[in-house]
């Protein structure tokens, strides 16, 4: 199979890499993290100018018709630079919900606003009791005159406090953990009854706990079938897993590069410590783990558009498992081989380790995905 990028994809990779190298240095990122919002709207506007915010959307909806490979290219570059702007929640997660679940009229209304940077979205799906069970939804939607009313709570909503609007999953029928009877609703973050508590996460990102108290949603803001929204959410989460697998590859590549450079320059007993064979072996093991993760990220990207949900989820669980294992190994080795400097806030490798640690658990940890893959059967069944 040919994994070479097309000419357009190479141009995208080069342009994003040059922009980040010029405009998103580690010191600049530190200033962004210290700002009140924890991310930069000026950087967000630059992403819009580069066309990154409209990348995965169809041209008919106001986007640039990119696919999973283009998203992989961008997310890998973002992982290398530790970008903290809400690209994953807005463009990847919420964007996938719009592409797979919204009507043509809703997409024409919302996608241009995302593309020009004026609309930030967040997917409010996870709940405190659910852990990573996607069908465990207790938030309720009750039909009312001219629309619906929502009541419940959502947890760990990525960039929920920054979002202009929220895509909220709520149960319209069925029992807890029933895959049927789940609808998707577009809610203004500042609507009456919406209570948002935002906070920083350990990796420099932002998240929020959000409560909904009898929040009114007009009928035109219902996305798709009010009883069959779960497959849309699951497809969006699978695309997000492919995206963070690529992001992790970028972060691991950066951590490995910094570690190798450190081994070449740090001296002990009058020679660079990189001349010690034991440390060379550890760096080689890091490289192997990176390439294993890269291969599984390719699998996730190739599977992201698969309409067979069961087959797609098997591939995502397998990719998540290898990504998590490689991320933990490379992150820990990078810290240990750097020594004390690797633990300081002023040095990038510690921040890479934090982001890799969060990716390891985002959208399901190792135990969760091992269980999913064991229950679903072998990847060889898809060969």
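Structure summary
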read-out: The range 133-162, residues that are in a strand (DSSP E or B) and buried (at least 21 other Cβ atoms within 10 Å of the Cβ); value: 141, 148, 150, 154, 157, 158
read-out: Unmet requirement for residue 307, which otherwise passes all of (1) out of contact with any helix residue (DSSP H, G or I) (no Cβ under 8 Å at 6 or more places or on another chain); (2) in a helix (DSSP H, G or I); value: (2)
read-out: Filter result for the condition that a residue is more than 30 Å from residue 345 (Cα to Cα), part of a helix (DSSP H, G or I) and not assigned by TED's automatic domain parsing to the domain that holds residue 148, over 256, 299, 290; value: 299
read-out: Any hit, the range 231-244, residues being without any contact (Cβ under 8 Å) to a residue 40 or more places away in the chain and either within 30 Å of residue 174 (Cβ to Cβ) or outside any helix (DSSP H, G or I) (or both); value: no
read-out: Any hit, the range 354-362, residues being part of a loop (DSSP other than H, G, I, E, B), in contact with a helix residue (DSSP H, G or I) (Cβ under 8 Å, 6 or more places away or on another chain) and outside the structural domain of residue 92 (by TED's automatic domain parsing); value: yes
read-out: Qualifying positions in the range 163-179 - in a loop (DSSP other than H, G, I, E, B), touching a strand residue (DSSP E or B) at 6+ places or on another chain (Cβ under 7 Å) and either under 11 Å from residue 137 (Cβ atoms) or free of Cβ contacts under 8 Å to residues at least 12 places away in the same chain (or both); value: 172
read-out: Candidates 53, 12, 88 - the one that is outside any helix (DSSP H, G or I) and either in contact (Cβ under 8 Å) with a residue 24 or more places away in the chain or farther than 23 Å from residue 164 by Cα (or both); value: 53
read-out: Residue check, residue 256 touching a residue at least 60 places away in the same chain (Cβ under 8 Å), touching a strand residue (DSSP E or B) at 6+ places or on another chain (Cβ under 6 Å) and crowded, with 19+ Cβ neighbours inside 10 Å; value: no
read-out: Complete set of residues in the range 207-229 that are crowded, with 22+ Cβ neighbours inside 10 Å and either within 21 Å of the chain's Cα centre (by Cα) or assigned by TED's automatic domain parsing to the domain that holds residue 351 (or both); value: 208, 210, 229
read-out: The range 203-225, residues that are in a loop (DSSP other than H, G, I, E, B) and more than 30 Å from residue 80 (Cβ to Cβ); value: 224, 225
read-out: Test: residue in the range 313-328 that is surrounded by fewer than 16 Cβ atoms within 10 Å (Cβ to Cβ), in contact (Cβ under 8 Å) with a residue 60 or more places away in the chain, under 17 Å from the mean Cα position of the chain (by Cα) and more than 17 Å from residue 248 (Cβ to Cβ); value: no
read-out: Enumeration of residues in the range 363-383 that are modelled with pLDDT under 90 and either surrounded by 15 or more Cβ atoms within 10 Å (Cβ to Cβ) or in contact with a helix residue (DSSP H, G or I) (Cβ under 9 Å, 6 or more places away or on another chain) (or both); value: 376, 377, 378, 379, 381, 382
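The values are calculated or read from the model by the stated rules, or taken from the named source; none is laboratory data. Everything quoted here is computed from the prediction, not taken from an experiment. All Cβ positions, even for glycine, are placed from backbone atoms using ideal geometry, and neighbour counts span all protein chains on display.
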